[in-house]
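The values are calculated or read from the model by the stated rules, or taken from the named source; none is laboratory data. Note that the structure is a prediction, hence the values are computed from the model and not measured. Here the Cβ is made from the backbone with ideal geometry for all residues, glycine too, and neighbour counts use every protein chain on show. Heads up: the accessible areas ignore ligands, DNA and RNA and are worked out on the full protein's heavy atoms, side chains in. Shrake-Rupley method; radii C 1.70, N 1.55, O 1.52, S 1.80 Å.
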Amino acid sequence: MPYGLGRVRFMDDDEQASKPSWSLFSRILAYFKPYRWPLALAVFIILFQTSLSLVPPLVLRSIIDEALPTKDLGLLGLLVGGSILATVGINLLQVGQSYLNQWIAKHIVFNLKNTLYHHLQGMSMRYFTTAKPGDILTRLSSDVDGIQDIFNSTVVNALNSGFTLFTTAIVLMLMNWKLGLLSLAVLPLFILPTRKVGKARWKIAQKSQEKVSELHQIISETLGISGVLLMKIFTKEADHRREFETTHQELIKLQLKETLVGRWFMMTIQIFMTIGPMLVYLYGGYLMIQGELTVGAIVAFVALLNRLYGPVTQLSNIHIEVTRSFALFGRIFDLLDADQEITDAPQAHELRVNDGRIVFENVHFAYQLETEILHGISLTCEPNTVTALVGPSGAGKSTITNLIPRLYEIQSGTLTIDGQNIQAVTLNSLRRNIGIVPQEPYLFNATIAENLRYAKSDASDAEMIAACTAAYIHDFIISLPEGYNTLVGNRGIKLSGGEKQRLSIARVILKNPKIIIFDEATSSLDSLSEAYIQKAMGPLLEGRTALIIAHRLSTVLRADRLIVLDKGDLVESGTHNDLLNHKGLYAQLYATQFLTQEETQSNPDTVIK
Ligand code: ATP
């Protein structure tokens, strides 16, 4: 999909769908409605300023026809003074008008961007798993910003050019209708080449935007933290450099072509701009000889001609601007209309957690409607106990944990916490009561303290230290030169996997929720890191309802109850010993997966002295 950073965006095939229509137009108007008074003022200023700019050419006529022939110095001074005053007034009004235009456009953009950001925050995980991050960023930044330019280039431009054209045409016709008609008759000479060149430039500009987008794609893919690593490891620097240079070269060629088309365009316009006044002089001269026109009128006519040609040139491409505006608004509305999927029910109440008992009753779930992933799961996670989910890869363990904070919506069945259906409580209260330690903890590129306070913004230093001590990470943090103020790098790259996980545990301890979901890392850690994590899990799980996706022997041994899943079905449940005796899937997993792990994992004290 072609998208450009920068201000101007062009349509792609999808956008062709956002053709101008009344419903789209009235929806766009709704965004202008709160600013109707500033808009009315802007229209008034445009009207006043375009009328005022008729004064200097008309004054010129009076100077030539009245003040000069009669040698009336007083009148000459008055006319020149009036013309200067009008010019100063026009320019002052232009300053005010452009400030007002910017003010209106910026406020519309401000509101739209906030609404869009808020809407995107509420979108479901399903949306974010398929949406392209670049596309979201483009819509939120350059699409919305583009509206500001569009306001200036479409609305203001159309009003300005329209009024100027209208008022000038009337004055010309009033001065002399025959010469007026001749002046208007040459206008098609401007419209035709402008439209043709406008279209050609538009096509080239579209192509160069695609190239810009390709260039950005190369930059973001090869200079991002993960891409750079891959590039270095596979020594692809030269390939990417070539790719970058070729795309860049193609872009420059297109940009040069665009400029050249622009030059041809200017040349054509310049020729017509010279022809217009010549025709006026020819026919005006004839009318003067006939005694129908004065010299001053001819000069004023020529001066007014520029007020016809400029706006006509602007207006001949207005349809491109309008189509572009509708396409931009269309893209933004598409996003605003996208279903958020998971929202608070109309009568949603706050979740009240006492014990933290989680009950799944005959829960069916599918990521895509046609492929059911969980086939009627029923299970209870008791308070103050550790429930471990085990099963082969793809069995549905992560999926089960994703359903509890309503990251995905169940298709049928019920899921309750302390007897309250999770679909009937507010998302905020539900997620406030759940702490998640993901397999690959995400850390922001900020300090350790800032990452920790993401869980509790008003946490005191003492609380933070207590949480880190409980998570066995405090000693490591204070051993760093900048302690809690150490920057962790993009995605926490400056920390090891084990350190990141312990920091993530500390963050959840600081949040202090009643329900804990722990997705154990599958990657093997060294025995010291492993032992630290096992130690850190003690305070994390204590006195809470804990659900762990278990990959380690030590964890299954620690669990009060094991749930064995296979292909979306709950196939076994019980204690470690029960299940071993049962000699089913768990016994197999134990023999192939858990038993092979180091014995030290189950006994951290042997490592941490
Ligand atoms: P692992 O131990 O490998 O993480 P798991 O038991 O946690 O596996 P899940 O991640 O719950 O398994 O996946 C269960 C099934 O759902 C898999 O077949 C997987 O391909 C599919 N799946 C997981 N996430 C998505 C998603 N976002 N969209 C579509 N299908 C998905």
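Below, the figures for the structure above:
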{"item": "Folded to 0 to 90 degrees: helix 318-337 orientation relative to the chain principal axis, Cα", "result": "20"}
{"item": "Alpha-carbon centroids, region 282-322 and region 344-374: separation in whole Å", "result": "73"}
{"item": "Residues whose placed amide H lies under 5 Å from that of TYR367, excluding near-sequence neighbours", "result": "ILE373"}
{"item": "Helix 157-175 axis, angle to the chain major axis (alpha carbon atoms, nearest 10°)", "result": "10"}
{"item": "Net charge, PHE444 excluded, C-beta distance under 10 Å - Lys, Arg +1, Asp, Glu -1", "result": "0"}
{"item": "Heavy-atom accessible surface of the chain: percent carbon and sulfur, 1.4 Å", "result": "60"}
{"item": "Over 22 Å (Cα to Cα) - which of LYS33/LYS132; LYS232/LYS494; LYS236/LYS257 fall in this group", "result": "LYS33/LYS132; LYS236/LYS257"}
{"item": "Folded to 0 to 90 degrees: helix 237-289 orientation relative to the chain principal axis, Cα", "result": "20"}
{"item": "Radius 15 Å from Cβ of ALA395, net charge of other residues (Lys, Arg +1; Asp, Glu -1)", "result": "-4"}
{"item": "Residues of type aspartates and glutamates that LYS178 reaches as a straight line, Cα spacing below 12 Å, ignoring anything fewer than 8 places off in the same chain", "result": "GLU292"}
{"item": "Per-residue HN-Hα couplings for region 547-554 [Karplus 6.51, -1.76, 1.60; θ = phi - 60°; Hz; x = Gly/Pro]", "result": "10, 10, 7, 8, 10, 10, 4, 4"}
{"item": "Separation between Cα centres of region 72-129 and region 469-525, rounded to whole Å", "result": "50"}
{"item": "Those chymotrypsin sites (Phe, Trp or Tyr not before Pro) in region 378-475 that DSSP places in a loop and that have at most 11 other beta carbons within 10 Å", "result": "TYR442"}
{"item": "Burial ranking of peptide ranges 26-33, 250-257 (average Cβ count within 10 Å, highest at the top)", "result": "250-257, 26-33"}
{"item": "For ILE358, net neighbour charge (Lys/Arg +1, Asp/Glu -1) across residues whose Cβ lies under 12 Å away", "result": "-1"}
{"item": "Sparse-neighbour loop sites [GluC sites (Glu not before Pro); region 434-533; at most 16 other C-beta within 10 Å; DSSP]", "result": "GLU482"}
{"item": "Peptides ranked, highest mean first, by Cβ atoms within 10 Å: ranges 538-545, 385-392", "result": "385-392, 538-545"}
{"item": "Over 21 Å between alpha carbons, listed pairs LYS207/LYS253; LYS113/LYS456; LYS456/LYS514; LYS106/LYS203; LYS203/LYS253", "result": "LYS113/LYS456; LYS106/LYS203"}
{"item": "Residues with amide H under 5 Å from that of VAL571, placed H, sequence gap 5 or more", "result": "VAL564, LEU565, ASP566"}
{"item": "Centre separation in Å (Cα based) which lies between region 169-189 and region 197-238", "result": "51"}
{"item": "Candidate lysines for bridging to LYS567, where Cα separation is under 17 Å - those fewer than 8 sequence places away on the same chain excluded", "result": "LYS397"}
{"item": "Peptide ranges 173-186, 106-119 listed from the most packed, as the mean C-beta count within 10 angstrom indicates", "result": "173-186, 106-119"}
{"item": "Estimated FRET transfer efficiency when R0 is 45 angstrom, pair GLN340-ILE271 (beta carbons, to 0.05)", "result": "0.20"}
{"item": "Per-residue HN-Hα couplings for region 146-156 [Karplus 6.51, -1.76, 1.60; θ = phi - 60°; Hz; x = Gly/Pro]", "result": "x, 5, 5, 5, 5, 4, 6, 7, 9, 5, 5"}
{"item": "Relative contact order of the chain, pairs being alpha-carbon contacts under 8 Å that are 6 or more residues apart, as %", "result": "15"}
